[in-house]
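The values are calculated or read from the model by the stated rules, or taken from the named source; none is laboratory data. Note that the structure is a prediction, hence the values are computed from the model and not measured. No Cβ is skipped: glycine too gets one built from the backbone with ideal geometry, and neighbour counts run over all protein chains shown. Just so you know, the surface numbers come from the protein's heavy atoms only, side chains and all, with ligands and any DNA or RNA stripped out. Shrake-Rupley method; radii C 1.70, N 1.55, O 1.52, S 1.80 Å.
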Amino acid sequence: MAERVYGGADDVIELLSRRGAVQVVEALLGGSLTERAVASRLSAYSASVVAQRVADLRRIGVVETVPENGDLRLSADGRRLLGVLDALERWAGRG
């Protein structure tokens, strides 16, 4: 299967709706972590699901690798995404 290219909001929303995607983003809120540490924090998901979500989030530029140590962290786009997710959460709880 060819690698999918994410371009529009509908593609990003579809990716974020996958099991564990938002949880990976939330796990990286506090700073950089190894992929193993992310998987440990997300024990409700298998390591393979976490690895796939990390790969998905890397592909759309939300997660990046820290050059000095190989840890994962939110990119600038990932940090901007947090604001969007916060706004969506507020909207969802509106009534």
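Assorted remarks:
- Within the stretch 67-89, the set of residues being in contact (Cβ under 8 Å) with a residue 12 or more places away in the chain and open to solvent by 60 Å² or more (accessible area, probe 1.4 Å) comprises ASN69, ARG73, ASP77.
- Set side by side, the residues ALA27, ALA39, ALA9, ALA21 differ, and just one is over 21 Å from GLU89 (Cα atoms) and out of contact with any His (no Cβ under 8 Å at 6 or more places or on another chain), which is ALA39.
- Scanning the stretch 10-26 for residues that are open to solvent by less than 10 Å² (accessible area, probe 1.4 Å) and assigned to a helix (DSSP H, G or I) turns up LEU15, ALA21, VAL24, VAL25.
- Among the residues listed as GLY30, GLY70, GLY83, GLY61, the single one being within 21 Å of GLY8 (Cα to Cα) and assigned to a loop (DSSP other than H, G, I, E, B): GLY61
- Qualifying residue in the stretch 48-66 (condition: open to solvent by 70 Å² or more (accessible area, probe 1.4 Å), of a type outside the set (Val, Ile, Thr) and farther than 21 Å from LEU85 by Cα): yes
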